[in-house]
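Here's the structure we're looking at; comments come further down.
The values are calculated or read from the model by the stated rules, or taken from the named source; none is laboratory data. The structure presented is a predicted model; accordingly, all values stated were derived computationally and were not measured. Methodologically, a virtual Cβ is constructed for each residue, glycine included, from the backbone with ideal geometry; neighbour enumeration extends over all protein chains shown. The protein model used for the area step is the full one, side chains on, heavy atoms only, and it has no ligands, DNA or RNA in it. Shrake-Rupley method; radii C 1.70, N 1.55, O 1.52, S 1.80 Å.
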Amino acid sequence: MLNIRKSNTNTNTLGMNFHVSYLLLALALAGCSSAPTQLTQSQQSIVNQTDDAATEARFSQNLNELLTQVSQNQEIPLPALEMGFLDAKTVPSIRKLVLPPSGTFKKNWLAYRKRFIEPVRLKAGRVFWDQNQAFLSQVEQESGVPAEIIVAIIGIETIYGRQTGNFRVKDVLSTLAFSYPDTPNKPAREQLFKDQLKELILMCWTGAGGKPPSKNSSQGINSARFNACLNQNSSYAGAIGLPQFMPSSIRSFAVDGDGDGQIDLKQSPKDAIASVANFMKKHGWQPGMPISFPVQESGISAAKALADGEPQLKFTVQELIEKGILTQQQGDLQSGGVEPQSKAFIVDLPYPDKDGVDQVQYFVGLNNFLTIVQYNRSYFYAQSVAEFAQALGYKNQSVVPVENPSKAGGSKAASEKSKPKKSSAKKKVKS
């Protein structure tokens, strides 16, 4: 999915360094991450502040032009769109939130990991699993995406709906579409959010009963539902619901998991679960395959030389074995690895040690790691999902049965997944 989903977590963003621990808007069609801290009533007044009159006038003109364009292209009555955006406003605090960190900022994998793989989220994850166990098992069987991965993503994104954002989505997307802060990538970012604003309008129009092109008729439209959709809460980048999908992701990958005829990522855990699984499946998740491998300590220097920050499958596992980065067993399906000719890339996770000296943890990212990166373009995020899932009992190894299951028990791993284990199964990687 070429989604632009924004995660409040690390906050994923297009075109930024994929392993950064700050804002990164995912350019794929799904959405993602935990929303900003809940605002107090006194803070709400700050959220709703507007800029000076000149800025607001430009904002209104640009917004009206976009509404006119959507009206013409989709044959949606312009008055209906104008009414829906009559009270739209810029939100200055959002422009501050999307600014990149200062030049002195140091990426810190350990701090990032500690923020998201922690007791509160893990406990909430087990409760969420208990509440949705049967449906998670059904979705895993149908999609091939492990329940632990689905639960981990929703937990990291919003702590299962506790943090879904405090901003009206139409205000967020309008602000970032027409009043993005002055940064080198401002034109590209504004276009990105203009596209998302159009997607929001179409999403809300169809959700209210419309079928664009609408022949300039509002017949059959539930105006209250249309406006409620435009006014729903989102993250400060416009991501919606438990899985934090951007509007384009909702239109492309969200599904009706509970069978009620509607897609509700805010109130329906089943819709959220099925939508996350569908996104992962559509982005190439390989059932029964590992996500990543730790780099052998003796191969750290070789891994460092290959790390370029580009999330592209460019090396074969066999090549990495020959360089001492992986072991022979990791290129063996029957040993929990992958095929030697499988493609991979180097994942580097920087952090300062207690003395402030720059350090790096290295992993070998496999196809499934890359799939998670499509959900949120951050190495920090993807590895956190992997380790969160492992803490819930996910086995980061292949579950391809061996020739004689009675001896090796190769198919056992695939049949034991019914509930998260209480103890953590995650592996620590030495830097």
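Structure above, values below:
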{"quantity": "Solvent-accessible ranking of 113, 121, largest area first, probe 1.4 Å", "calculated": "113, 121"}
{"quantity": "Solvent exposure, largest accessible area first (probe 1.4 Å, DNA, RNA and ligands not counted), of 158, 68", "calculated": "68, 158"}
{"quantity": "Residue 321 accessible area, 1.4 Å probe, all protein chains in place, Å² to nearest 10", "calculated": "20 Å²"}
{"quantity": "Compactness relative to 2.2 N^0.38 Å, alpha carbon Rg of the range 249-306", "calculated": "1.76"}
{"quantity": "Accessible surface of residue 190 - all protein chains present, 1.4 Å probe, nearest 10 Å²", "calculated": "30 Å²"}
{"quantity": "Share of alpha-carbon pairs per 5 Å distance bin for the range 89-230, given as whole %", "calculated": "2, 8, 12, 12, 12, 16, 17, 13, 6, 2, 1, 0"}
{"quantity": "Net charge contributed by nearby residues that have their C-beta within less than 12 Å of residue 200 (K/R +1, D/E -1)", "calculated": "+2"}
{"quantity": "Sequence of 358, 256 when ordered by accessible area, the most exposed leading, probe 1.4 angstrom", "calculated": "358, 256"}
{"quantity": "Heavy atoms of residue 173: accessible area, 1.4 Å probe, square angstrom to 10", "calculated": "0 Å²"}
{"quantity": "Qualifying aspartates and glutamates (Cα of each under 12 Å from Cα of residue 123; at least 8 residues distant if same chain)", "calculated": "none"}
{"quantity": "Restraint check, 323/343; 89/194; 114/354; 198/270; 114/270; 96/186, Cα-Cα greater than 22 Å", "calculated": "198/270; 114/270"}
{"quantity": "Net charge of neighbours whose Cβ lies under 15 Å from the Cβ of residue 352, counting Lys and Arg as +1 and Asp and Glu as -1", "calculated": "+1"}
{"quantity": "Mean projected area (nm²) of the alpha-carbon convex hull when the range 204-342 is viewed from all directions", "calculated": "12.5 nm²"}
{"quantity": "Hits among aspartates and glutamates - C-alpha to C-alpha of residue 304 under 12 Å, sequence gap 8 or more where chains match", "calculated": "348"}
{"quantity": "For the range 277-409, convex hull volume per residue from C-alpha positions, Å³", "calculated": "131 Å³"}
{"quantity": "Relative contact order, percent, the range 138-284 [alpha-carbon distance under 8 Å, six or more residues apart]", "calculated": "28 percent"}
